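Below: the structure, in structure tokens.
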Amino acid sequence: MRRNADELAKMRRAGRVVAEIHEATKAVIRPGVSTAAIDLAAREILERRGAGSNFLDYHGFPAVVCTSPNSMIVHGIPSEDVVLEEGDIISVDCGAIVEGYHGDAAYTMGVGEVSPEASRLMEVTEESLSAGIAELCPGNRLHDVGRAVQQVAESAGFSVVREYVGHAIGTAMHEEPQVPNYWPGTPGPTLRRGMVFAVEPMVNAGGPATVLLDDGWSVVTSDGRLSAHFEHTIAVTDDGPEVLTRL
Ligand code: MG
Ligand code: MG
């Protein structure tokens, strides 16, 4: 699906709300704060901007953000009972809907001082996202993105998750086609101006295997090692990739 100028303008506005949520939630993250407080900070921005949430009630999800600490990869449910501690890392994923158009983005950050491994994992995951984004140019093939992400992550000795992937985005959060974070064996569709994708590497310090917990949402690493997640919503333009979820 290719978006016209009017649609891209709406997606820019949705992306800006998501970026504001990132700023507001980063500002509350510190030792002693619960993941429910992160959700609350995000709700305040959505309300202030008159934006809808694409996370709340998605297949019954109970919050406007996903909060996934340490070995949790994605889809963690915010809770008063999950209190952040010094040395944790926390992944926060959120989205917004403005005039029917969606934005979606995620980050991982340290809580206070973190281990060298945690710090390196976050740095490499963000780098892998940048490498993937750089491929979003007209004429490239979609799976050039996954190849670039995988190359950065694996060169650093980390692994990329296979079961959860990025996606096209527009009038729904999750549209076809999917955007794997690895080379799937075929080049995929040719990229054209106006296409918009959410690229979202999930990078594990250990192996790539995942386990779904009994709550039906939380996905963790099967080896218990750390995982990081960074995501942006990006439009393919004639001038190259335009990141929509950045202030
Ligand atoms: Mg997301
Ligand atoms: Mg996404």
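The values are calculated or read from the model by the stated rules, or taken from the named source; none is laboratory data. This is a predicted model, so every value here is computed, not measured. Note: ideal-geometry Cβ built from the backbone for every residue, glycine included; neighbour counts use all protein chains shown. The accessibility values were calculated without ligands, DNA or RNA, using every heavy atom of the protein model including side chains. Shrake-Rupley method; radii C 1.70, N 1.55, O 1.52, S 1.80 Å.
Tabulated results
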{"read-out": "Members of the range 207-244 found to be among the hydrophobic types (A, V, I, L, M, F, W, C), under 19 Å from the mean Cα position of the chain (by Cα) and either in a strand (DSSP E or B) or away from ligand 1 (no atom under 16 Å from the Cβ) (or both), listed by number", "value": "Ala209, Val211, Leu212, Val219, Val220, Leu226, Ala228, Ile234, Ala235, Val236, Val243"}
{"read-out": "Condition broken by Ala198, with the remaining ones in (1) open to solvent by 10 Å² or more (accessible area, probe 1.4 Å); (2) part of a strand (DSSP E or B); (3) under 24 Å from Val18 (Cα atoms); (4) touching a residue at least 40 places away in the same chain (Cβ under 8 Å) satisfied", "value": "(1)"}
{"read-out": "Checklist (1) on the phi < 0 side of the Ramachandran plot; (2) in contact (Cβ under 8 Å) with a residue 24 or more places away in the chain; (3) not in a helix (DSSP H, G or I); (4) not charged (D, E, K, R) applied to Val17, failing item", "value": "(3)"}
{"read-out": "Subset tally (residues that are part of a strand (DSSP E or B) and away from ligand 2 (no atom under 15 Å from the Cβ)) for the range 68-120", "value": "8"}
{"read-out": "Condition met for Glu126 (open to solvent by 40 Å² or more (accessible area, probe 1.4 Å), closer than 21 Å to His232 by Cβ and in a helix (DSSP H, G or I))", "value": "yes"}
{"read-out": "Some residue of the range 129-140 being open to solvent by less than 30 Å² (accessible area, probe 1.4 Å), more than 14 Å from ligand 2 (Cβ to nearest atom), out of contact with any Pro (no Cβ under 8 Å at 6 or more places or on another chain) and of a type outside the set (Gly, Ala, Ser)", "value": "no"}
{"read-out": "Subset of the range 76-106 [surrounded by fewer than 23 Cβ atoms within 10 Å (Cβ to Cβ), of a type outside the set (A, V, I, L, M, F, W, C) and either modelled with pLDDT under 95 or out of contact with any Asp or Glu (no Cβ under 8 Å at 6 or more places or on another chain) (or both)]", "value": "Ser79, Glu80, Asp81, Glu85, Asp88, Glu99, Gly100"}
